[in-house]
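The values are calculated or read from the model by the stated rules, or taken from the named source; none is laboratory data. Model, not experiment: these values are computed from the prediction. Every residue, glycine among them, receives a Cβ derived from its backbone with ideal geometry; neighbour counts consider all protein chains shown.
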Amino acid sequence: MLTAQWMYGLAGCVIMALGLRGALLHASLLQRIVAINVMGAGVFMLLVAVAYRGPVLPPDPLPHALVLTGIVVAVSATALALALARRLHAEQEDD
Amino acid sequence: MSPVSLPLFDALLLFSIVGLAWASLATTDERRSVILFIAFGLVLAVAWGRLLAPDVALAEAAIGAGLSGALLLGAVHRQPRPLSPGSTNDSRNQGATGMGVVLRWVVTLLCTALAGTLAWALLHAFSSVPHDMLPRAISGNLAASGVSNPVTAVLLNFRAYDTLLELAVLLTAVLGIFALGQANPGYQPAGPVFDSLVRWLVPVLILTSGYLLWVGAHAPGGAFQAGAILAAAGVVLRLAGRTRIGLPEGFMLRIVMAAGVGLFLLVGLTLLLLGRPFLGYPPAWAGSLILLIETAAMLSIAATLLLAFLGGRPESPAHAARTESANTTASNSGNEEQTRC
Amino acid sequence: MTELFLLSALGLMLSLFLGLLRVLLGPGIGDRMLATQLIGTAGVGILLLLSVLLDQSALIDVALLLALLAAVAAAAFTGQQKTQHD
Amino acid sequence: MINILSSILILSGVFFYLAGSIGLLRLPDLYSRLHALTKADNLGLGLLIAGVALHSQDLLMMLKLLLIWLAVLAASATSAHLIARQARRQETGS
C-alpha cells in the first residue's frame, strides 16, 4: 500500500463529503452549484488516487480518461445549472 | 526520490486543498465562495500533476482556471441579491430555529458516515493487490490503437462509445441552455491594459490548442484539453467586451456544434457498412481516423463550452451591433474594435 | 540535485500555503483575488519543479496553460457587465 | 558548474517567492501588497525558470519556459492593474 495513494484517497472522501453537505445545506443556489462541483472534485481525486501506482510504475489510464471526461461534463452541467438559476431568478422577479 | 520530504509535500498540498474546499463552502458570501473555489481548482491542477495524471491536469488547468471561474464570477456579478429559492429569510440559512439546527447536524452526521464508509472501502481496496487486468489489456493493445498516449487510446478507441455519448451530453446541455433564454448581455469594452494583453493572448491560446490536439496522439493532450483552451480564447474575447468572439452564426454554428457527434457517428456507421464492428477502426487507419474525429470533436467542444459560457442563445452580431450603437458613449471604442477586426 | 528540487518544491508549497492564508483572511475581496494570483504563480513554479522531479515533461504544458489563463479570473472578477435592457 | 549555477538560481527564486508571500501576509493594505507581490513573484518565477532551463538544456523546453515567464509577467501586471482599479473605483464610488 502506497502512502500517497491513501493520503489522496482519504482527502478525496473528505472533499466529497464536504461538497455533499454544502449542496444539501446551503440556501444560495449558486453556492449549491459550487458545492456540487467540490463534491465532483472529491470523486475525481478518489479515482486518480486509485489509478496511482507509485512514482516508478505508470498509472492506470482508464480512471484518468473517466476523470477527464468528468471535468468537461461537470463544467457544462454547471453552465446549465447557472442558466436554470438565472431563469428562476428572472421568473421570481416578475412576480 | 527522498522518502521523507515527498509525504511532507503531499501533506501540505492536501491540507491546502481540503482547507480551500471547506472554506469555500463555510462562507455565505457568494463572491468569496467563488474566489475560494477558483483557488481550489488551481491547487487541484498541481495535485493531478503530482499523481502523474498530466492529461487530467491539463483539463483542470484549462477549465478550472479559464472557464468555470469566469462562468461562476459572471453569475455572481449578475445577481444584485443572493440567488436563493423562496424568500430571502431562509431558516436553513439562519440555522437559528431548533429544526434547522437538528437538520444541520443530521446532514453533517450522515455525510461524515458516508465519508467514513467510502474511506473504509478504499482502504480495503488499497490493502489488496490491485487488479491490473485492465491496465495490462490497455498497454497490450496500445500498439494497435493508432495512438501511443494510453488516455487518448481509451477515449477514442477502446471506449469510443463513451466519448461519443459524452459529446452528445455536451450537446444536450447546450440545447438545454438555449431553451432557457437569450445569452447574457456581455461585458463593457475593456481598458487599454487588458486589451493589449488580449491582442497577443488570443492567438497564443489558439496556437496552444492546435498544439495540444496534435500531441494528444503520443503525449498528454487531446480534443478535450484543446477544445477547452479554444473556448477559453473566446471567453477572453468576451471578457474584453468584443461582440465577435469567434463563434460562427446561424447554420454554420449548428454544423460546428454537431460536428463531433456527427463525424463520430458517420465513421462508426461507415465501419458497420464495411463489415467491421461499430467504431472498430482498422489498425492501419486508426491513427488518421482518431485525428479526424478529434479535430471535429475539438471544434464542437470549444463551441459548446463557449456557448455554455454565454448562458443562452447568442444574438446575431448584427443585432448586437445595433443595440451597441444605440448604446452611445461607453461602447465607442468597442465599435472601433469590431471594424478593425 | 533531486534533493534540491524537492526542497525547492517544498519552499514553493510553503509560499502557496502563506498565500492561502491571505485568501482565507481577506479582508477585502481584492486581497483574496490578489492572493489567488499568488497561488497560481506558485502553482506554475511547483509544476515546473515536479516536471523535473517526476520526469514528466507534460507538466510544463500544464504550467503553460496556468500561466496563459492567469489573467482570466482577474478579468472576470473586475469586468463590468452590460445591463440587460440598455 | 552548470548544476551549481542552476541550483543557485532555483534557490534564489524560491527565496523571492517566500519573500513575496510573507509580504502579502504582513503588509498593511492592498496597494502595498500589490507592489510587493507582483515584484517578488515575477522575479521569483524568472529565476526559477532560468534555473530549470539551465538544467533541462533542451531548446524547445527553453522556449516554452520563456513563454511561461512572459505570460505570467503580462498576466500579473494586468491583473494587478485591474484589481487596483477595481479597489479605487469602490473607494471613490460608494
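Details
- For B:Thr243: the one exception among (1) more than 18 Å from the chain's Cα centre (by Cα); (2) of a type outside the set (Phe, Trp, Tyr); (3) closer than 23 Å to B:Val169 by Cβ: (3)
- In region C:35-71, residue farthest from D:Phe16 (Cα to Cα) [restricted to those that are more than 9 Å from chain D (Cβ to nearest Cβ) and touching a residue at least 40 places away in the same chain (Cβ under 8 Å)]: C:Leu53
- Scan of region B:1-18 for residues that are of a type outside the set (A, V, I, L, M, F, W, C), at pLDDT 80 or above and over 23 Å from the mean Cα position of the chain (by Cα), ordered by number: B:Pro7, B:Asp10
- Among the residues of region D:51-94, those identified as within 13 Å of C:Leu48 (Cβ to Cβ) and of a type in the set (Val, Ile, Thr) are D:Val52, D:Ile68, D:Val72.
- Condition check for D:Ile83: buried (at least 21 other Cβ atoms within 10 Å of the Cβ), closer than 14 Å to C:Ala71 by Cβ and more than 14 Å from the chain's Cα centre (by Cα): yes
- Whether a residue is on the phi > 0 side of the Ramachandran plot, out of contact with any strand residue (DSSP E or B) (no Cβ under 9 Å at 6 or more places or on another chain) and not small (Gly, Ala, Ser) was assessed, and C:Asp55 passes this test.
- Test result for D:Met61, more than 9 Å from chain C (Cβ to nearest Cβ) and surrounded by fewer than 20 Cβ atoms within 10 Å (Cβ to Cβ): no
- Exactly one residue out of D:Leu54, D:Leu73 is under 22 Å from D:Lys39 (Cα atoms), surrounded by 13 or more Cβ atoms within 10 Å (Cβ to Cβ) and either out of contact with any Leu (no Cβ under 6 Å at 6 or more places or on another chain) or not small (Gly, Ala, Ser) (or both): that is D:Leu73.
- Scope region B:44-65; condition part of a helix (DSSP H, G or I) and over 16 Å from the mean Cα position of the chain (by Cα); matching residues: B:Val46, B:Ala47, B:Gly49, B:Arg50
- Within the option set D:Ile22, D:Ile49, D:Ile68, D:Ile8, being β-branched (Val, Ile, Thr), under 24 Å from C:Asp55 (Cα atoms) and surrounded by fewer than 18 Cβ atoms within 10 Å (Cβ to Cβ) holds for one residue only, D:Ile8.
- Meets criteria (facing chain C (nearest Cβ under 7 Å), buried (at least 21 other Cβ atoms within 10 Å of the Cβ), in contact with a Ser or Thr (Cβ under 8 Å, 6 or more places away or on another chain) and of a type outside the set (Ser, Thr, Tyr)) for D:Leu34: no
- Residue count for region B:143-170, restricted to those that are in a helix (DSSP H, G or I) and facing another protein chain (nearest Cβ under 9 Å): 12.
- Test: residue in region C:72-80 that is surrounded by fewer than 24 Cβ atoms within 10 Å (Cβ to Cβ), touching a strand residue (DSSP E or B) at 6+ places or on another chain (Cβ under 7 Å) and more than 9 Å from chain D (Cβ to nearest Cβ): yes
- Filter pass, B:Ser148 being farther than 25 Å from B:Gly49 by Cα, touching a helix residue (DSSP H, G or I) at 6+ places or on another chain (Cβ under 9 Å) and of a type outside the set (A, V, I, L, M, F, W, C): no
- Selection status of D:Leu67, within 7 Å of chain C (Cβ to nearest Cβ) and closer than 23 Å to C:Phe5 by Cα: yes
- Residue match in region B:298-321 (condition: among the charged types (D, E, K, R) and either modelled with pLDDT under 85 or outside any helix (DSSP H, G or I) (or both)): yes
- Residue in region B:228-243 that is farther than 29 Å from C:Leu59 by Cα and either among the aromatic types (Phe, Trp, Tyr) or more than 10 Å from chain C (Cβ to nearest Cβ) (or both) present: yes
- Among the helices (runs of 4 or more DSSP H) confined to chain C, there are none with at least 2 residues that are basic (Lys, Arg).
- Top-ranked residue in region B:240-261 [being aliphatic (A, V, I, L, M) and in a loop (DSSP other than H, G, I, E, B); ranked as nearest to B:Val198 (Cα to Cα)]: B:Ala240
- Residue pairs meeting the criteria (Cβ under 8 Å; at least 6 apart or on separate chains; first touching a residue at least 12 places away in the same chain (Cβ under 8 Å) and facing chain A (nearest Cβ under 9 Å), in region B:15-34; second surrounded by fewer than 18 Cβ atoms within 10 Å (Cβ to Cβ) and polar (S, T, N, Q)): B:Thr28/B:Asn93; B:Glu30/B:Gln79
- Test: residue in region B:172-182 that is more than 12 Å from chain C (Cβ to nearest Cβ), part of a loop (DSSP other than H, G, I, E, B) and small (Gly, Ala, Ser): no
- Of all residues in region A:67-94 being more than 7 Å from every other protein chain (Cβ to nearest Cβ) and at pLDDT below 90, the one that is nearest to the chain's Cα centre (by Cα): A:Leu88
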